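Peer 1: My structure is below; once you've seen it, I'll send some questions.
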Amino acid sequence: MAERLVGIARLAATGASLDSKREVEYRQLPTFKLLNRCTSPDMPFDWTINPYRGCEIGCKYCYARYTHEFMERREPDAFEREIFAKQWNRADFLKDLRRIEPGSRIAIGTATDPYQPAERRYGVTRSILEVFAERSGYRVGITTKSDFVTRDIDVLRAASRGNRVSVHLTITTVDAALARKLEPRAPRPDLRLAAVKRLSEAGIDVGVFASPVLPLITDSDAQLEALFAAARDAGARFVVANPVFLMPCALRVFLPFLETEFPRLATRYRDRFTKQPYLRGDYAERLRGRIARLRERFGMASRSESRDDAPWPETAQLSLF
Ligand code: SF4
């Protein structure tokens with residue numbers, strides 16, 4: 001079968017099985033380039049690094065499931081059950097890094113979580129950060145839902161000396177029971193907030209990505225206020241929050257989830273998102289206004305770096321996971 005596949009699908013088929021636990025299988029993905037160019041003007045970064053392919057955390061709204069479809073893995077849960085660790089080659093990575101412009105904005109974790117359980121085994125994310133710790137002049141943003149990021153405080157501090165490094169903990173709700181439903185294998189929100197606190201106390205630029213905001217599930221005034229208050233108390237410097245978008249690959253998981261957990265919302269979501277994956281217009285405007293007021297009230301910045309640099313525009317949800 002592997003002979004008929006091409007590109008990433010062929011590589012995925014030939015990668016040796018590394019291990020499997022519960023229903024999760026870990027495989028190695030032969031990788032020629034860890035740095036991928038992002039040419040979209042809407043994205044707040046120039047390059048992306050995704051140390052893994054697939055994500056065991058398994059958020060119900062995850063948009064990145066399509067990345068497994070490129071490898072001909074089309075079952076709805078394949079993305080969270082078959083995790084590929086990219087092959088680490090320090091010399092190749094250094095060669096790639098030398099080719100990119102100084103000051104480039106590099107986002108780690110745009111289509112997978114760099115601190116998902118696989119990182120404990122394979123350490124690809126740490127290996128990458130160790131390289132940045134020896135170099136300077138880059139702007140590196142790391143997005144995660146895992147408090148395991150605190151393992152790397154030493155290397156994050158070292159990398160921050162010569163680069164602009166920021167860490168973004170994604171926390172969509174402070175309600176642990178709701179988070180467990182939405183993000184089944186992510187650490188609890190209080191653990192993520194504790195990670196924000198530890199990073200902040202270690203002098204690392206850290207903020208909260210409160211995205212995606214889910215209409216009628218996580219978007220009440222009380223829920224958002226509680227989230228902002230918790231972020232402030234943990235020492236977050238900024239909070240970013242944008243509404244959910246649901247591409248067809250995400251809808252295939254999210255709609256059955258709604259039918260089970262929030263049946264009264266299923267029809268509304270289906271009607272809204274099957275026509276158009278993005279929430280635009282009135283809802284997006286009102287949410288933007290509410291978030292701006294909350295930022296002002298809780299003294300939070302709107303992005304991870306100064307307004308002059310504007311490296312993290314708030315229009316792109318890709319940066320928020
Ligand atoms: S949203 Fe992020 S953390 Fe959740 S499954 Fe997708 S990549 Fe993983």
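The values are calculated or read from the model by the stated rules, or taken from the named source; none is laboratory data. Computed from a predicted structure; not experimentally measured. Reconstructed Cβ throughout: ideal geometry from the backbone, glycine too, with neighbour counts over all protein chains shown.
Condition check ((1) more than 16 Å from the ligand (Cβ to nearest atom); (2) not in a loop (DSSP other than H, G, I, E, B)) across all residues:
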site	(1), (2)
58	no, no
68	no, yes
75	no, no
88	yes, no
91	yes, yes
107	no, yes
111	no, no
121	yes, yes
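Peer 1: Then there is this: For residues that are over 18 Å from residue 228 (Cα atoms) and in contact (Cβ under 8 Å) with a residue 12 or more places away in the chain, tally how many sit in the range 274-303. Spell out the reasoning first.
Peer 2: We begin by selecting, within the range 274-303, every residue over 18 Å from residue 228 (Cα atoms); these are 274-285.
Checking which are in contact (Cβ under 8 Å) with a residue 12 or more places away in the chain leaves us with 274, 277-279, 283-284.
Residues in the range 274-303 being over 18 Å from residue 228 (Cα atoms) and in contact (Cβ under 8 Å) with a residue 12 or more places away in the chain: 6 in total.
Peer 1: Are any residues in the range 149-180 touching a helix residue (DSSP H, G or I) at 6+ places or on another chain (Cβ under 6 Å), polar (S, T, N, Q) and within 30 Å of residue 258 (Cβ to Cβ), and if so, which ones?
Peer 2: If the condition is that a residue be touching a helix residue (DSSP H, G or I) at 6+ places or on another chain (Cβ under 6 Å), polar (S, T, N, Q) and within 30 Å of residue 258 (Cβ to Cβ), then 173 is the only one that fits.
Peer 1: Would you mind listing the helices (runs of 4 or more DSSP H) fully within the range 137-207 where at least 2 residues are more than 17 Å from the chain's Cα centre (by Cα), buried (at least 21 other Cβ atoms within 10 Å of the Cβ) and of a type in the set (Asp, Glu)? Steps first, answer last, please.
Peer 2: Values: elements: 153-162, 176-182, 189-201.
Once the helices (runs of 4 or more DSSP H) in the range 137-207 are filtered for at least 2 residues that are more than 17 Å from the chain's Cα centre (by Cα), buried (at least 21 other Cβ atoms within 10 Å of the Cβ) and of a type in the set (Asp, Glu), nothing remains.
Peer 1: Continuing with the same structure: Identify the single condition in (1) away from the ligand (no atom under 16 Å from the Cβ); (2) assigned to a loop (DSSP other than H, G, I, E, B); (3) surrounded by 16 or more Cβ atoms within 10 Å (Cβ to Cβ) that residue 101 does not satisfy, given that it satisfies every other one.
Peer 2: Among (1) away from the ligand (no atom under 16 Å from the Cβ); (2) assigned to a loop (DSSP other than H, G, I, E, B); (3) surrounded by 16 or more Cβ atoms within 10 Å (Cβ to Cβ), residue 101 violates only (3).
Peer 1: Residues to consider are 244, 239; find the one that is modelled with pLDDT of 95 or more and in contact with a Pro (Cβ under 7 Å, 6 or more places away or on another chain). Let's see the steps before the verdict.
Peer 2: Working: 239 fails: in contact with a Pro (Cβ under 7 Å, 6 or more places away or on another chain).
Just a single option satisfies the conditions, and that option is 244.
Peer 1: I'm trying to understand the selection: among the residues of the range 219-273, which are outside any loop (DSSP other than H, G, I, E, B), among the charged types (D, E, K, R) and touching a residue at least 60 places away in the same chain (Cβ under 8 Å)? If you could, list the steps in order and put the result at the bottom.
Peer 2: Residues of the range 219-273 outside any loop (DSSP other than H, G, I, E, B): 221-234, 238-240, 243, 248-261, 263-273.
Checking the rest, the ones that are also among the charged types (D, E, K, R) come to 221, 225, 232-233, 252, 259, 261, 264, 268, 270-272.
If the condition is that a residue be outside any loop (DSSP other than H, G, I, E, B), among the charged types (D, E, K, R) and touching a residue at least 60 places away in the same chain (Cβ under 8 Å), then 221, 225, 232, 252, 261 are the ones that fit.
Peer 1: Mind checking which residues of the range 39-56 are of a type outside the set (Ser, Thr, Tyr) and more than 14 Å from the ligand (Cβ to nearest atom)? Outline the logic, then answer.
Peer 2: Let us first name the residues in the range 39-56 that are of a type outside the set (Ser, Thr, Tyr), namely 41-47, 49-51, 53-56.
Within the range 39-56, 41, 42, 43, 44, 45, 46, 47 qualify.
Peer 1: Just wondering, is there one or more residues in the range 142-150 that are away from the ligand (no atom under 15 Å from the Cβ) and at pLDDT 95 or above?
Peer 2: Going residue by residue through the range 142-150, those that are away from the ligand (no atom under 15 Å from the Cβ) are 150.
Narrowing further to those that are at pLDDT 95 or above: 150.
Yes, that holds for at least one residue.
Peer 1: When you look at residue 129, is it within 30 Å of residue 184 (Cα to Cα) and either hydroxyl-bearing (Ser, Thr, Tyr) or more than 16 Å from the ligand (Cβ to nearest atom) (or both), yes or no? Even if it seems obvious, please write down each step before you answer.
Peer 2: Details: within 30 Å of residue 184 (Cα to Cα): yes; either hydroxyl-bearing (Ser, Thr, Tyr) or more than 16 Å from the ligand (Cβ to nearest atom) (or both): yes.
The answer is yes for residue 129.
Peer 1: Still on this model: Step by step: first the residues of the range 33-56, then only those that are out of contact with any helix residue (DSSP H, G or I) (no Cβ under 9 Å at 6 or more places or on another chain) and assigned to a loop (DSSP other than H, G, I, E, B), then the one that is modelled with the highest pLDDT. Which residue is that?
Peer 2: 46
Peer 1: OK, next. Could you check the range 282-298 and list, in sequence order, the residues that are aromatic (Phe, Trp, Tyr) and touching a helix residue (DSSP H, G or I) at 6+ places or on another chain (Cβ under 7 Å)?
Peer 2: Step one: filter the range 282-298 for residues aromatic (Phe, Trp, Tyr), giving 283, 298.
Within the range 282-298, just 298 meets the criteria.
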